[in-house]
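Okay, structure first, notes after.
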Amino acid sequence: MFSKLAKVATAAFAVALGAALIGTGAGASHAQPGPPVLGGGSGIVIDNMFQCTLTTVGHDGAGRLVGLTAGHCGDAGAAVAAEVDPGYGQIGRFVYSDPELDYAVIEFTPGRIVPVNRIGNVTITGVGAPAQFPNIVCKEGRTTGNTCGVAWGDVFQTNMETWSQMCVVEGDSGAPVVIGSTLVGMVNAYLAVACFGPEVGTHMNAIMNDMNARGAQGAGYHPI
């Protein structure tokens, strides 16, 4: 996905693709007793080095507790911890990472998190079709929190991307993009200048279709 976006950016805008939205700074954490509470919009730490945002948490068709984030956040096998309490230790691992659609599936270790459907100002009650102009979409990112803007839709007719005018910066990768309480996509990148250039991300229809076609972890997914 990112190589294609870079070519599109060069041809259409003559600007460089914004950096992959992976945070590397140490965020503030406040340890609480018991497993960390996580949902779409929560910060996660990958291999004790990088910070990204969880898109959603739920169960797949086999009953496994899984989550999604951006694919460039980690490869299969990468360890995941909760940014809110990194000292709690590993809570799961990447089991699949797709470079084309730029999404990843995380399988959580049973009992290691408390899954919820609301983080910050975003509640996720279901999965829906891609946003189209002039829908207003919002996201909840571990870096910039809750921001909203107009959706431009699938500008280049890729059947996988949605463009919008939302503020995103490093660390927001994987942030859930919603219309109301319906999850319609995730944050993957920005073009040109953070928070000013358009945001682009993979929409949930493409992700769900790919997970279901593979038939492994994540197939039959439904959010908490």
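On the given criteria, is Asn121 at pLDDT 95 or above, surrounded by fewer than 16 Cβ atoms within 10 Å (Cβ to Cβ) and closer than 23 Å to Asn209 by Cα? Don't jump to the end; show me each part of the working.
Values: at pLDDT 95 or above: yes; surrounded by fewer than 16 Cβ atoms within 10 Å (Cβ to Cβ): yes; closer than 23 Å to Asn209 by Cα: no.
Spelling it out, it is not the case that Asn121 is at pLDDT 95 or above, surrounded by fewer than 16 Cβ atoms within 10 Å (Cβ to Cβ) and closer than 23 Å to Asn209 by Cα.
Take the range 84-97 and flag every residue that is open to solvent by 10 Å² or more (accessible area, probe 1.4 Å), under 19 Å from Asp172 (Cβ atoms) and under 15 Å from the mean Cα position of the chain (by Cα).
Filtering the range 84-97 for residues open to solvent by 10 Å² or more (accessible area, probe 1.4 Å) gives 84-90, 93, 95-97.
Among the residues that remain, those that are also under 19 Å from Asp172 (Cβ atoms) are: 84, 86, 97.
Once the filter is applied, which keeps residues that are open to solvent by 10 Å² or more (accessible area, probe 1.4 Å), under 19 Å from Asp172 (Cβ atoms) and under 15 Å from the mean Cα position of the chain (by Cα), the range 84-97 yields only Ser97.
Conditions tested, residue by residue: (1) in contact (Cβ under 8 Å) with a residue 12 or more places away in the chain; (2) open to solvent by 40 Å² or more (accessible area, probe 1.4 Å).
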position: Asp172; (1), (2): yes, no
position: Thr182; (1), (2): yes, yes
position: Ala189; (1), (2): yes, no
position: Val200; (1), (2): yes, no
position: Ala213; (1), (2): no, yes
position: Tyr221; (1), (2): yes, no
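Which members of the range 201-217 meet the condition of being outside any helix (DSSP H, G or I), closer than 28 Å to Cys167 by Cα and not small (Gly, Ala, Ser)?
Let us first name the residues in the range 201-217 that are outside any helix (DSSP H, G or I), namely 201-203, 215-217.
So of that shortlist, the ones also closer than 28 Å to Cys167 by Cα come out as 201-203.
If the condition is that a residue be outside any helix (DSSP H, G or I), closer than 28 Å to Cys167 by Cα and not small (Gly, Ala, Ser), then Thr202, His203 are the ones that fit.
Being modelled with pLDDT of 95 or more and surrounded by fewer than 24 Cβ atoms within 10 Å (Cβ to Cβ) narrows it down to one of Gly34, Gly39, Gly63, Gly71, so name that one.
Values: Gly34 fails: modelled with pLDDT of 95 or more; Gly39 fails: surrounded by fewer than 24 Cβ atoms within 10 Å (Cβ to Cβ); Gly71 fails: surrounded by fewer than 24 Cβ atoms within 10 Å (Cβ to Cβ).
The unique qualifying residue is Gly63.
Given the criteria under 23 Å from Leu38 (Cβ atoms) and more than 15 Å from the chain's Cα centre (by Cα), does Asn146 qualify? Break it down stepwise before answering.
On the way: under 23 Å from Leu38 (Cβ atoms): yes; more than 15 Å from the chain's Cα centre (by Cα): no.
In short, no.
Just to be sure I understand the filter: pairs with C-beta atoms under 7 Å, separated by 6 or more residues or on different chains, first member in the range 130-157 and farther than 15 Å from Gly40 by Cβ, second member of a type in the set (Phe, Trp, Tyr) and buried (at least 18 other Cβ atoms within 10 Å of the Cβ). Which pairs pass?
Listed pairs, sorted by first residue: Phe133/Trp152; Trp152/Trp163; Gly153/Trp163; Val155/Trp163.
Test Thr109 against the stated conditions and say whether it is in contact with a Leu (Cβ under 9 Å, 6 or more places away or on another chain), modelled with pLDDT of 95 or more and buried (at least 16 other Cβ atoms within 10 Å of the Cβ).
Values: in contact with a Leu (Cβ under 9 Å, 6 or more places away or on another chain): yes; modelled with pLDDT of 95 or more: yes; buried (at least 16 other Cβ atoms within 10 Å of the Cβ): no.
Taking the combined requirement at face value, the residue does not satisfy it.
Tell me, which residue of the range 4-28 that is part of a loop (DSSP other than H, G, I, E, B) and modelled with pLDDT of 55 or more is most open to solvent (accessible area, probe 1.4 Å)? Full working, then the answer.
From the range 4-28, those part of a loop (DSSP other than H, G, I, E, B) are 13-16, 18-22, 24-28; that's our starting set.
Subsequent filtering for residues that are modelled with pLDDT of 55 or more retains 21-22, 24-25.
Values: Leu21: 0, Ile22: 37, Thr24: 103, Gly25: 45 Å².
Applying the filter and picking the extreme gives Thr24.
Can we say Val150 is under 19 Å from Ala81 (Cα atoms), of a type in the set (Val, Ile, Thr) and not in a loop (DSSP other than H, G, I, E, B)? It would help to see each step written out before you state the result.
On the way: under 19 Å from Ala81 (Cα atoms): no; of a type in the set (Val, Ile, Thr): yes; not in a loop (DSSP other than H, G, I, E, B): yes.
No: the conditions fail for Val150.
The values are calculated or read from the model by the stated rules, or taken from the named source; none is laboratory data. This one's a predicted model, so the numbers in the text were calculated from it and none came from an experiment. Reconstructed Cβ throughout: ideal geometry from the backbone, glycine too, with neighbour counts over all protein chains shown. Only protein heavy atoms, including side chains, enter the accessible area calculation; ligands, DNA and RNA are left aside. Shrake-Rupley method; radii C 1.70, N 1.55, O 1.52, S 1.80 Å.
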